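The values are calculated or read from the model by the stated rules, or taken from the named source; none is laboratory data. Everything numeric here is computed off the predicted structure, so don't read it as measured data. A quick note on method: Cβ atoms are made from the backbone with ideal geometry, for glycine too, and the neighbour counts reach across all protein chains shown. Ligands, DNA and RNA are stripped out before the accessible areas are found, and what is left, the full protein with its side chains, is counted by its heavy atoms. Shrake-Rupley method; radii C 1.70, N 1.55, O 1.52, S 1.80 Å.
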Amino acid sequence: MDPPTFISSVTMADVARKAGVHRSTVSRSLKNDPRISDKIKKHVQETAEEMGYRPNPLISALGALRTHHNRITLPLTLGYIQRGNRPLLEQFRGAVEMANHNGYKVEEFRINEKMSADRLNKILVNRNIRGLILAPLPEAHGSFSLDWERFATVTMEYSFTSPRFDRIVPDSFQSVIQIMDQCMALGHSRIGLLLTRTVHERNERLLTAAYRQYTQENHPTSALPPLIVESSDQTEQLKDWIITQRPQVVISSNHLIPEVETCLSELEIKVPEEIGIINLNTFPESQKYTGTSLDARMMGAQSVAQLIHKLNNNQYGIPSSRITIQMDIEWIEGQTLLPASKMSSPRIHVKSPQQHSPRVRAK
């Protein structure tokens with residue numbers, strides 16, 4: 001059994017007074033600091049031995065811990081990474097608010113023609129920025145390479161696909177279910193879905209999956225085939241779909257709705273008196289489109305909250321199992337949807353190379 005350790009009542013200040021030196025000189029002499037001459041070190045060490053001085057192990061441990069913490073640069077800056085030159089969205093503002101509330105700050109970085117991913121990686125490492133938020137990418141399936149093992153990383157929405165980081169996403173599947181329920185409650189049965197390929201794939205095909213499931217379970221005989229177009233510049237394809245499918249309501253997104261409205265105008269179809277429009281990502285403040293809206297600012301805030309949790313738990317690198325947090329979508333009453341009882345069937349005007357064909361009434 002080890003002998004008990006006794007803490008001496010003689011302090012370092014007592015040794016300093018007896019040896020006629022400063023307290024810091026005693027501390028350095030007892031540690032054999034090379035900045036102290038051998039003569040003074042010997043004098044101080046002998047004085048301490050004569051007085052029976054023994055260092056307090058608790059104070060020594062506390063000093064070592066303080067020194068260790070002073071050497072650490074806390075990762076108080078979080079990197080908000082965008083690719084391309086898209087404007088900052090509401091997600092960024094929400095991220096800034098949540099970061100400030102928790103003693104962090106958010107700084108935006110862009111990967112574009114002026115900033116390569118390699119150069120950005122060096123900047124982040126040199127500035128000891130350890131936490132990254134990856135903003136939604138402009139394409140459906142995107143990625144870029146950084147030294148991921150150095151960082152704790154959270155992504156927003158579905159577009160960043162590799163590596164598979166923890167992410168905050170809209171509940172795309174449930175948003176379509178909610179839209180279909182609203183339409184059914186208003187008496188509509190012929191409800192169509194129009195999407196660009198990018199939006200279709202950016203949401204991991206959840207929008208069309210929810211639409212098909214809902215129509216199969218509720219109205220299999222009146223289900224309309226979803227139309228996925230390669231780009232928004234597909235006027236004739238959209239017109240043909242509207243003429244042949246005769247929807248009461250069209251569900252689409254900001255990427256395609258302007259083109260849909262152009263087609264309906266050229267076909268002399270009134271919105272919402274003859275066909276309703278539902279926007280999958282409407283803006284509540286505009287009060288124009290009926291549809292669903294994501295609280296983008298809250299998404300940014302939640303991405304920071306998740307990132308701070310990862311930093312506090314030293315969760316750096318690519319997670320072995322990705323965590324996905326889904327956010328609810330809010331229904332917004334706008335000006336582009338009426339109850340079926342208040343609508344009339346459109347008289348569709350079809351233009352042909354010989355000017356106009358006869359007026360065709362949708363059945």
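A few remarks follow.
- Looking across region 285-299, the residues that are more than 21 Å from Val96 (Cα to Cα) and open to solvent by 20 Å² or more (accessible area, probe 1.4 Å) come down to Glu285, Ser286, Gln287, Lys288, Tyr289.
- Residues in region 149-164 that are surrounded by 24 or more Cβ atoms within 10 Å (Cβ to Cβ), touching a Phe, Trp or Tyr at 6+ places or on another chain (Cβ under 8 Å) and of a type outside the set (Ser, Thr, Tyr): Phe151, Ala152, Val154.
- Enumerated strands (runs of 3 or more DSSP E) restricted to region 251-344, each holding at least 1 residues that are more than 30 Å from Gly79 (Cβ to Cβ) and in contact with a Cys (Cβ under 9 Å, 6 or more places away or on another chain): 276-279
- The set of residues in region 188-226 that are among the aliphatic types (A, V, I, L, M), buried (at least 20 other Cβ atoms within 10 Å of the Cβ) and closer than 21 Å to His141 by Cα comprises Leu194, Leu195, Val199, Leu207, Ala210.
- Among the residues listed as Val154, Val176, Val169, the single one being touching a residue at least 24 places away in the same chain (Cβ under 8 Å), touching a helix residue (DSSP H, G or I) at 6+ places or on another chain (Cβ under 6 Å) and under 23 Å from Ala301 (Cβ atoms): Val154
- Flag for Pro34 being surrounded by 10 or more Cβ atoms within 10 Å (Cβ to Cβ) and modelled with pLDDT under 85: no
- Residue in region 235-243 that is within 19 Å of Ile179 (Cβ to Cβ) and in contact with a helix residue (DSSP H, G or I) (Cβ under 8 Å, 6 or more places away or on another chain) present: yes
- Tyr158 vs. criteria touching a strand residue (DSSP E or B) at 6+ places or on another chain (Cβ under 7 Å) and part of a helix (DSSP H, G or I): no
- Region 272-292 - residue that is among the polar types (S, T, N, Q) and at pLDDT 95 or above and, of those, nearest to Val250 (Cα to Cα): Asn279
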